[in-house]
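The values are calculated or read from the model by the stated rules, or taken from the named source; none is laboratory data. Given the structure is predicted, the values throughout are model-derived calculations rather than measurements. No Cβ is skipped: glycine too gets one built from the backbone with ideal geometry, and neighbour counts run over all protein chains shown. The area values use the complete protein model at the heavy-atom level, side chains included, leaving out ligands, DNA and RNA. Shrake-Rupley method; radii C 1.70, N 1.55, O 1.52, S 1.80 Å.
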Amino acid sequence: MITRRDFLKGMAASVALMTAGCTSRERGKVKTDSGEQQTAEKWVKGVCRYCGTGCGVLAGVTRGKIVAVKGDPECPVNKGRLCIKGILLPKIIDTKDRVKKPLIKKDGKFVEASWDEALNLIAEKFTSAVKEYGPDSVGFYGSGQTFAEETYVASKLFRAGFGTNNIDGNPRTCMASAVAGFLTTYGEDEPSGTYADIEAADTFFLIGSNLAEAHPVLFSRLVDRKNADPNKIKIIVADPRRTRTADIADYHLAFTPGRDLSMLNAMAYVIVTEGLTDEKFINEHTEFKMGQGDTMTYEQYKAFLQDYVPEKVSDAAGVPPEIIREIARLFADKNRNTMSMWCMGLNQRSRGVWVNNLVHNLHLITGKICRPGNTPFSLTGQPSACGSVREVGGLSHLLPCHRMVANAEHRKQMAELWRIPEERMPSKPGYHTLAMFKAAVEDKLKCLWVMTTNPGQSLPNLNYYRPGMEKTFLVVSEAYHPTRTSELADVVLPAALWMEKEGIYGNGERRTQHLAKAIDPPGEAKSDLWTLIEVTKRCGFPELVEGFTDDPATVFKEYQKCSVGTGMQLASYDRYKKEHGLTWPVLSDDAPETYIRYAEPWDPLVKPGEGIKFYGRPNGRAVIWLRPQQDPVEMPDKDYPYFLTTGRMLEHWHTGTMTFNVPELKSAAPEMYVEINPEDAAALGIKEDDLVNITSRRATCKMRAKLNGRGTPKPGVVYASFHDQVQERMINFVLLDAFDPGSKQPEYKVCAVRLSKA
Ligand SMILES: Nc1nc2c(c(=O)[nH]1)N[C@H]1C(S)=C(S)[C@@H](COP(=O)(O)OP(=O)(O)OC[C@H]3O[C@@H](n4cnc5c(=O)[nH]c(N)nc54)[C@H](O)[C@@H]3O)O[C@H]1N2
Ligand SMILES: Nc1nc2c(c(=O)[nH]1)N[C@H]1C(S)=C(S)[C@@H](COP(=O)(O)OP(=O)(O)OC[C@H]3O[C@@H](n4cnc5c(=O)[nH]c(N)nc54)[C@H](O)[C@@H]3O)O[C@H]1N2
Ligand code: SF4
Ligand SMILES: [Mo]
């Protein structure tokens with residue numbers, strides 16, 4: 001018989017492979033997938049190309065090729081572990097669809113061009129659009145997968161050069177609600193804790209995160225924690241689907257999509273009415289607010305919670321009242337440490353900011369924050385969504401190092417740092433992602449530069465947005481061609497890929513890490529940094545990139561200066577080259593990294609004797625928000641009776657450009673399918689592997705049915721991943737493009753569909 005312990009061990013092994021099992025232990029020797037022994041001439045330190053976990057890697061290089069990748073045993077994130085995608089990274093490099101020369105579309109066909117021709121064309125188009133239609137007629141759409149230095153130069157070119165804040169990126173589709181949640185609650189972005197809290201927590205509350213597939217090495221750390229003390233460690237997973245993550249949970253709360261706001265408020269109700277709060281913490285470190293920031297009292301908060309008596313909300317939320325009570329008690333237990341982890345299930349929602357606030361509330365009313373193992377931890381998706389976008393200021397309302405466009409003092413500081421007159425800093429926030437692509441549809445955005453992202457596949461409601469990409473003058477910096485975006489481009493610029501260039505990533509725990517260059521890019525491919533610097537010069541702004549070269553150290557030096565005196569001060573480039581990452585703030589080059597923010601003795605920004613201080617807020621107090629339940633924009637009805645939710649699977653990365661090039665990953669998951677609850681399938685006469693039409697008000701997708709696969713949605717809910725590049729199975733055509741009014745993050749997680757056998 002398989003015991004629960006064996007099962008847990010198996011789970012850990014299936015997602016996170018110890019490198020020892022995949023490559024030889026002997027230093028220098030590597031075993032390739034074909035089994036033969038090869039000797040790597042050198043091992044180069046880097047970071048995995050994929051998820052926000054940020055595993056340290058060592059790339060084995062022989063005769064100018066990466067022949068193997070192993071986990072860096074000295075990186076504290078993964079201590080030598082990698083998941084299957086990380087181990088197979090060498091296979092994304094030498095593929096037949098790599099772009100090796102610039103391509104320009106002429107008479108509807110792509111033809112190879114020289115760099116000079118391509119760069120001059122871009123400079124000519126962008127500068128003349130600015131002249132003719134004004135600075136807001138051009139835009140940049142970047143990514144949480146660029147290096148910090150790349151976004152930094154892009155930001156400088158668009159803001160200080162063209163004079164527009166039209167620079168946004170895919171973290172808008174990913175982290176914007178988490179950012180706004182942190183800012184509204186603590187006045188400072190990014191988590192207060194780090195991954196080390198996993199080893200110190202006893203109760204884990206995972207909501208809207210499928211850790212097992214999306215952050216596998218963190219999942220293996222969680223499984224290790226559970227294995228070390230199976231009776232004590234408790235795992236709660238709140239997700240409308242049974243997932244691989246839910247499989248290891250002590251409690252799986254399969255609530256109704258979008259109704260987690262009432263479930264979280266009901267947990268707060270139980271905590272407050274049963275006297276499980278930390279009154280001293282509430283009195284000393286918090287305040288209450290509602291709406292846009294109206295001050296409330298504790299009494300008003302208690303009155304507000306009366307609408308969320310578990311018995312009242314349980315039917316709508318789809319979770320039994322006694323379970324809500326039980327998990328609320330477990331969460332608040334004063335003898336246990338509680339860590340929450342969440343990801344897209346909360347962020348990709350039309351009330352993503354509010355639901356983020358509600359998780360923070362639970363930690364604030366119980367005082368479970370600012371101590372080891374007690375932390376509200378928002379998981380980050382991309383390898384450098386934090387490092388290269390949130391920190392560099394790669395969104396239309398942000399400036400470098402957590403500064404805001406709307407703040408005149410911040411603009412002044414940046415003008416000084418960039419040595420430009422203050423009036424050259426644009427004060428109007430630019431287009432957020434969906435507004436930018438809408439402006440292209442409406443012919444207001446004349447030129448758009450897309451870098452390290454694939455919006456032609458990853459935006460929602462694609463039938464609406466793709467024609468805009470076709471209409472505008474579209475530049476796509478890409479490693480592969482064709483992609484569902486590069487096919488719409490006017491110019492495709494061949495990009496150096498992972499380990500073919502050097503730079504800085506920042507992972508989900510504030511860890512800034514350096515990736516060295518291991519090999520040369522193929523053909524004429526160049527780093528995005530080089531391309532950005534060249535375009536900046538050719539657009540007539542050489543002063544903005546003076547001293548910058550292809551060597552990212554030249555750019556990082558200036559960026560690091562922007563961080564001095566902010567809440568996220570960084571160390572020098574040289575230090576990152578030597579260390580295995582450092583979690584900021586790091587106040588000097590001999591200072592240690594910071595484990596826990598806002599609290600003594602860890603945070604250097606908290607003065608001795610201050611204890612805990614939420615210094616991002618004017619009064620040093622974090623905000624407990626009164627946020628009511630509000631349903632998603634599109635709920636099921638008689639014509640479209642099912643919820644559709646979308647997300648990811650272990651083997652593939654987003655739009656699949658990289659992972660479908662890896663034979664092992666492709667054969668493990670060759671096409672995307674739709675998960676349907678067996679009860680619903682029986683009612684519809686759908687069997688395993690039947691082709692099913694998934695129809696929304698916007699489009700129809702055709703996929704095979706899986707009834708009891710690695711995930712099972714609750715009845716009334718269906719699920720699909722968005723990794724497929726085949727139009728018929730591209731679920732994003734079906735999705736709604738509603739977004740959160742505060743964060744502007746799209747609601748990828750909820751819309752209404754009907755199903756029929758195809
Ligand atoms: N293998 C792999 N790993 C990845 C990625 C990848 O493409 N492939 N991408 C990375 C990126 S950029 C990101 S952002 C992360 C995403 O990581 P996750 O957010 O963990 O992954 P998702 O599958 O998008 O969504 C998580 C869960 O949200 C649930 N959900 C649906 N509706 C609701 C709801 O109303 N409320 C709540 N609370 N939950 C709901 C879904 O059922 C799903 O299981 O993964 C990162 N890691
Ligand atoms: N249905 C649905 N849609 C979603 C989501 C969802 O949960 N459901 N999640 C959203 C989220 S959270 C995210 S983060 C987005 C991700 O969506 P995208 O960012 O659009 O997807 P990626 O496949 O990561 O795109 C990265 C692109 O960069 C290219 N590339 C790789 N390395 C380099 C490089 O060094 N330089 C250059 N120039 N290019 C490079 C890759 O080939 C790839 O085409 O998708 C969003 N869309
Ligand atoms: S867990 Fe994430 S960062 Fe680590 S190896 Fe896997 S994909 Fe890469
Ligand atoms: Mo993401």
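With respect to being in a helix (DSSP H, G or I) and surrounded by fewer than 23 Cβ atoms within 10 Å (Cβ to Cβ), D197 falls outside the description.
Looking at L358, L330 in this structure, which one is within 30 Å of K226 (Cα to Cα), surrounded by fewer than 21 Cβ atoms within 10 Å (Cβ to Cβ) and touching a Lys or Arg at 6+ places or on another chain (Cβ under 7 Å)?
Going through L358, L330 in turn, just one is within 30 Å of K226 (Cα to Cα), surrounded by fewer than 21 Cβ atoms within 10 Å (Cβ to Cβ) and touching a Lys or Arg at 6+ places or on another chain (Cβ under 7 Å): L330.
With respect to S477, is the statement that it is touching a strand residue (DSSP E or B) at 6+ places or on another chain (Cβ under 6 Å) and more than 26 Å from Q560 (Cα to Cα) true?
It is false that S477 is touching a strand residue (DSSP E or B) at 6+ places or on another chain (Cβ under 6 Å) and more than 26 Å from Q560 (Cα to Cα).
When E543, E558, E534 are checked against the criterion of being of a type in the set (D, E), more than 13 Å from L157 (Cβ to Cβ) and not in a loop (DSSP other than H, G, I, E, B), E558 stands alone in meeting it.
Taking the criterion of being more than 17 Å from the chain's Cα centre (by Cα) and open to solvent by 10 Å² or more (accessible area, probe 1.4 Å), would at least one residue in segment 376-383 satisfy it? No: zero hits.
Evaluating R466 against the criteria (1) in contact (Cβ under 8 Å) with a residue 60 or more places away in the chain; (2) in contact with a Gly (Cβ under 8 Å, 6 or more places away or on another chain); (3) open to solvent by 10 Å² or more (accessible area, probe 1.4 Å) leaves one unmet condition, (1). Just checking, how many residues over segment 285-311 are free of Cβ contacts under 8 Å to residues at least 24 places away in the same chain and surrounded by 14 or more Cβ atoms within 10 Å (Cβ to Cβ)? Here the count works out to 1.
Do we have R225 as open to solvent by 10 Å² or more (accessible area, probe 1.4 Å), closer than 24 Å to K714 by Cβ and basic (K, R) here? Against the criterion (open to solvent by 10 Å² or more (accessible area, probe 1.4 Å), closer than 24 Å to K714 by Cβ and basic (K, R)), R225 does not qualify. Considering segment 329-436, the qualifying helices (runs of 4 or more DSSP H), each wholly inside and each with 2 or more residues that are more than 16 Å from ligand 1 (Cβ to nearest atom) and in contact with a strand residue (DSSP E or B) (Cβ under 8 Å, 6 or more places away or on another chain), run over 352-366, 408-417.
For segment 148-183, residues that are within 19 Å of the chain's Cα centre (by Cα), more than 16 Å from ligand 4 (Cβ to nearest atom) and open to solvent by 10 Å² or more (accessible area, probe 1.4 Å) total 1.
Among the residues making up segment 637-648, those that are crowded, with 22+ Cβ neighbours inside 10 Å and either of a type in the set (A, V, I, L, M, F, W, C) or part of a loop (DSSP other than H, G, I, E, B) (or both) are F643, L644. Residues in segment 735-747 that are surrounded by 24 or more Cβ atoms within 10 Å (Cβ to Cβ), out of contact with any Phe, Trp or Tyr (no Cβ under 8 Å at 6 or more places or on another chain) and assigned to a loop (DSSP other than H, G, I, E, B): S743 alone.
Would you mind stating whether K687 is within 21 Å of the chain's Cα centre (by Cα) and of a type in the set (K, R)? Steps first, answer last, please.
Numbers: within 21 Å of the chain's Cα centre (by Cα): no; of a type in the set (K, R): yes.
So K687 fails the test.
Hey, among E651, E675, E634, which residue is touching a Gly at 6+ places or on another chain (Cβ under 6 Å) and buried (at least 21 other Cβ atoms within 10 Å of the Cβ)? Result: E675 is the single residue among E651, E675, E634 that is touching a Gly at 6+ places or on another chain (Cβ under 6 Å) and buried (at least 21 other Cβ atoms within 10 Å of the Cβ).
Any residue in segment 240-260 that is away from ligand 3 (no atom under 16 Å from the Cβ), surrounded by 24 or more Cβ atoms within 10 Å (Cβ to Cβ), part of a helix (DSSP H, G or I) and under 23 Å from the mean Cα position of the chain (by Cα)? Scanning segment 240-260 turns up at least one residue that is away from ligand 3 (no atom under 16 Å from the Cβ), surrounded by 24 or more Cβ atoms within 10 Å (Cβ to Cβ), part of a helix (DSSP H, G or I) and under 23 Å from the mean Cα position of the chain (by Cα). When E391 is tested against (1) open to solvent by 10 Å² or more (accessible area, probe 1.4 Å); (2) modelled with pLDDT of 95 or more, just one condition goes unmet, and that condition is (1). Among (1) in a loop (DSSP other than H, G, I, E, B); (2) away from ligand 3 (no atom under 12 Å from the Cβ); (3) of a type in the set (F, W, Y), there is one condition F126 misses while meeting the rest; what is its number? With respect to (1) in a loop (DSSP other than H, G, I, E, B); (2) away from ligand 3 (no atom under 12 Å from the Cβ); (3) of a type in the set (F, W, Y), F126 is out only on (1).
Total residues in segment 548-566 satisfying the condition of being farther than 28 Å from P604 by Cβ, modelled with pLDDT of 95 or more and open to solvent by 60 Å² or more (accessible area, probe 1.4 Å): the figure is 2.
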